[in-house]
Structure formats: structure tokens, C-alpha cells
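Beneath this line is the structure, given in C-alpha cells, with notes to follow.
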Amino acid sequence: MNTPAKLGAYVLGLTVVFGGALGVGSAVGAADTPPISPSHPVHGAASAAPGRSATAAPASLPGGLQMSDSGYTLTPETTTVPPGEAADFRFAVTGPDGRPLTRYQTQHGKKLHFIVVSRDLGDFQHLHPHEAGNGTWSVKLTLPRAGVYRAFADFAPEGGDGLTLGADLHAPGDYTPNALPEVSRTDTVDGYTVQLNGDLVPGAASTLTLTVSKDGRPVTDLQPYLGAYGHLVALRAGDLAYLHVHPDGEPGDGTTAAGPGITFHAEVPSRGDYRLFLDFRHEGTVRTAAFTARAGQLPAPAATASPTGAAPTPAPAPSPGKSGSHGEHTH
Ligand SMILES: [Cu+2]
């Protein structure tokens, strides 16, 4: 505290001198403020991104958008993985001291959850690496096709808050991205049908219920997987923001049934499309059902004014990126 306070006083002293020399009255006002307080607004302004209001609340960023957060960094040994081959993929999470983290809290039965998703959201894997010693994690990883993937490490350091760090992985080769699947409330996997009920609400918690049936009959003997009857990962289309979703109840609590419905609480930060991946376990096998869900109304295309004239969203529809108007913008 001492050194910055002294430095602040020194800088203010200079300001007064210059202000006095140039006759700038405002410098006197600055000198009136206690030397300690100006350092905070200045620091805040310096760390704010350009164009972002310095007064905006420092709302916590969704997980997974950064490879480094709160001093912890996801550090893969390699970020290039040939497609279609099982690779021994290794990584570490380095801590604030620069060393590989070795002390983790156990969450949902594991110290670290490793999710790998293609950037077009077409492929999803939920893996559990094993500890290979000295803070190194190792997992058999097959990237099914060429393209760019996002790898997420979801963990909580001992004594710290939960974090999700994300890093890009590359599978070299010709790549044709798949379009995001249409919004849908039903998915079918290996003869199981999963129905999604509930709506994502931008900026608010909402309840989602996923109901599992097989051959037209409700499945009522789901098996616990990672301490719950289902594990749901929600990723925002476009930037793969990783959203925390909490199951409602757990196996053995006396109230949570083993299906057919699995209930979650989800909160998404913005309107837009999200891809939901549900892992559920039945008869010893974990399967994944996937859904595209839309949070809020997307900006309506032009010329669909409602009869009352009340536009549902005041924001103008952004021009589609393919219009070629990008060159007019200065960034
Ligand atoms: Cu996991």
C-alpha cells in the first residue's frame, strides 16, 4: 500500500505542478481527492476492454471462453491431433505458481471433467482423464474428423472456486462444417427417445426436464451417472460459452425418481441458440442425446411487424455477415 500511495502522491504532485504551469484549473480538483482512491478507477479503466463501459458490472464471464482464468491455465502438450486415430492426449492445469496443479476437489465424482466438442457442435465427448503423475492428465482421445475442436477442463482447485478452461484443438485435413441442427425438442439415440420440456430464458434461471423413453415406454430405472441421473452440458452456438447446469435432486435422496424425467436448472447469459448434450446411463451404458434450444426471440427479419406495431425487440436486426458490408466497418 505504501509504495502506490507514495507514487500516487508523487504523480498528483507532478499534475499540480504542470496544472499550475499551464493554468489548468481541473488539476486542483484532482489534487483534492485522497491519493488512494484515484488508483482504483484508473486501474479499472485500464483493464476494461476498449468500447466496453467501465461502469458495467464485472459480471462473471461464462466458462470455457478462456484458456487461462484466475491464475489457472489449461496447458495441452499438443494442440494438433490427427483425425480418426486414438491419441494419448496429455495436458496439465498450471496453477498461479506456474506448476501443474495436483490438488483438486471432487465434483460429480471426478476431479476433472474433460469435454471435447467440435467447433460446429456436431461432435461431443465427455471424458474422464486419468492422472499420469506430477499433475499431468492423460486421456485416449479420438477426434472423429478434420476440423477445429474446443476442449474444456471443468474442475475446482482445492480451496478454490470451480473453473472451466477451454483450449482449441486442431485435426488437420479437409473440413466442411456442419450447420447447427434445427431447434428441436426430441432426440433419438440407440432406440431411446429423449424429450426436452422447458425453455431457456436469457439472464434467468429456468427449469428443463428431459424425459427418457424406449420403445414407447417411459424409462424408470435410469442408473446414476456422475452422482445424478443425467449430466447436462449447454454450449452457446457461435462461441461455445460453457454453461453450468445443475441437476435437481440426486439419486438416493428419497425424492428423485430414476426417470423417466430428469430435471435441471439452467441459466443462459444471452438470447441465442444453445446446444444441449445430455449424458444418461441405462443398462450399464452411457448415451448422449443432443438438442438445439433457443433462448428468447432472435431478432425478427425485416417486414414482420406485429399488428400492434410493438416490436418485440428494440434492437435492429444485425446485417448478416455474408452481405459483404464488413469492409465498411472500422475495427
Ligand atoms: Cu465428467
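So is residue 165 more than 16 Å from the ligand (Cβ to nearest atom) and either touching a residue at least 24 places away in the same chain (Cβ under 8 Å) or within 23 Å of residue 271 (Cα to Cα) (or both) or not?
So residue 165 does not fit the description; no.
Being polar (S, T, N, Q) and without any contact (Cβ under 8 Å) to a residue 40 or more places away in the chain: is that true of residue 106 here?
Against the criterion (polar (S, T, N, Q) and without any contact (Cβ under 8 Å) to a residue 40 or more places away in the chain), residue 106 qualifies.
Consider only pairs whose beta carbons are under 8 Å apart and that are at least six residues apart or on different chains; among these, list those whose first residue lies in region 115-141 and is closer than 30 Å to residue 292 by Cα and within 16 Å of the ligand (Cβ to nearest atom) and whose second residue is at pLDDT 95 or above and not in a strand (DSSP E or B).
Here the result reads 116/123; 116/143; 117/123; 117/240; 139/128; 139/129; 141/81, each pair linking region 115-141 to a residue that is at pLDDT 95 or above and not in a strand (DSSP E or B).
I need the full set of residues from region 149-158 which are under 17 Å from the mean Cα position of the chain (by Cα) and more than 15 Å from the ligand (Cβ to nearest atom), in order please.
149, 150
The values are calculated or read from the model by the stated rules, or taken from the named source; none is laboratory data. This is a predicted model, so every value here is computed, not measured. All Cβ positions, even for glycine, are placed from backbone atoms using ideal geometry, and neighbour counts span all protein chains on display.
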